[in-house]
């Protein structure tokens, strides 16, 4: 039996609970592909699951990871891409799945899109969660030319993609971030402001005509600032604070449906330069604990990626 390395954990906790284990290399079922994984972008959800902050009923040992990019290794009967075209071994793809932190991954063909030439694997493997979350949030508020949107955690992956999509739609964007990330926000057309006490006054200073919408990606601060600045609750979308959504009548994409055609569109935007997703550091699989330790600092200027 051919084996591979996979990341597992036997109890919840910090990065130290992660271990590499031997697992069989899967064979694809009908409508599935097996992918040689080249890159997995880590997401905050992965850390929350590992730490036990997300209620899971799956038994230990558990696997981790949701996004990936790689090369098709084997194809099951009837496996076709989202657009109906056949997938064949050697195709470069990106997508999403369960337990992607491994060398070889079995996923439904409907969960992959073709990786455009010129998009690095580490960027492609980081795109699905932040890209599709930002896209779903865009669908909630539908910001356009008449909008000035306050975006919290604008330098995080979801916020960074959202800012670019909103600007492409014609909106002006004010983004909260630490000073270290202000320059790269300006580079994509965002007006940066520092988060923390005094946020309302800082937003008033840079947007004297007011803001019309809020996209909150972190917590209550931007929501409260938006309300103080006169934004109606139905023009505030929050993805991080479910309690605030329920309490204040805010909007949220909720458990949106991931779609390979959306991922394909986002990947093509990366390829043509109209969407940027920075990568901070790439770690090999045997340093996955270090990758999570960096992710857990939450002081990032790009995606943390594991390359099996």
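Since every read-out is calculated from the coordinates, none of them should be taken as a lab result. A quick note: this is a predicted structure, and the numbers were derived from the prediction, not measured. Glycine also receives a Cβ, built like all others from the backbone with ideal geometry; neighbour counts cover every protein chain displayed.
Please determine, in degrees from 0 to 90 and to the nearest 10, the orientation of helix 128-141 with respect to the longest principal axis defined by the Cα atoms of the chain, where the helix direction is its Cα long axis. The answer is roughly 40 degrees. Ordering 81, 163 by the number of other Cβ atoms within 10 Å of each residue's own Cβ, fewest first, gives 81, 163. The alpha-carbon atoms of the stretch 243-308, seen along their principal axes, cover 43, 32, 20 angstrom, with the largest extent given first. The alpha carbons of the stretch 124-183 stretch over 31, 27, 15 Å along the principal axes, in descending order. With everything on Cα atoms, drop me the angle between helix 157-168 and the longest principal axis of the chain, reported from 0 to 90° to the nearest 10. For helix 157-168, the angle is close to 60 degrees. Measuring nothing but how far apart in sequence close Cα pairs (under 8 Å, 6+ apart) lie, relative to its length, the chain scores a relative contact order of 19 percent.
Seen through its C-alpha gyration tensor, with square-root eigenvalues sorted a ≥ b ≥ c, the stretch 129-255 comes out rounded because a/c lies under 1.5. Among 283, 160, the ranking by other beta carbons within 10 Å of each residue's beta carbon, starting with the fewest, stands as 283, 160. Protection proxy ranking of 285-294, 118-127, by the mean of other Cβ atoms within 10 Å over each peptide's residues and highest first, is 118-127, 285-294. Dividing the radius of gyration of the alpha carbons in the chain by their Kirkwood radius gives 0.99 for Rg/Rh. Counted by neighbouring Cβ atoms within 10 Å, the residues 218, 68 run from fewest to most as 218, 68.
Which shape class, rounded, prolate or oblate, goes with the stretch 75-175 when its Cα gyration tensor gives a ≥ b ≥ c as root eigenvalues, a/c under 1.5 marks rounded, and past that a/b bigger than b/c marks prolate? Since a/c reaches 1.5 and a/b is larger than b/c, the shape of the stretch 75-175 is classed as prolate. Percent of C-alpha pairs per 10 Å bin in the stretch 187-308, short distances first: 11, 27, 36, 22, 4, 0. Relative contact order of the stretch 1-154, taken over Cα pairs closer than 8 Å and 6 or more residues apart, is 26 percent. The stretch between residue 71 and residue 10 holds 19.0 nm of extra length on full extension. This uses 0.36 nm per residue minus the Cα-Cα distance. Applying 1/(1 + (r/R0)^6) with R0 = 41 Å to the Cβ-Cβ distance of residue 256 and residue 1 gives a FRET efficiency near 0.60. Compared with the dominant Cα axis of the chain, that is its longest principal axis, helix 260-272 is turned about 70°. With N as its number of residues, the stretch 12-105 has a Cα radius of gyration that, divided by 2.2 N^0.38 Å, comes to 1.19.
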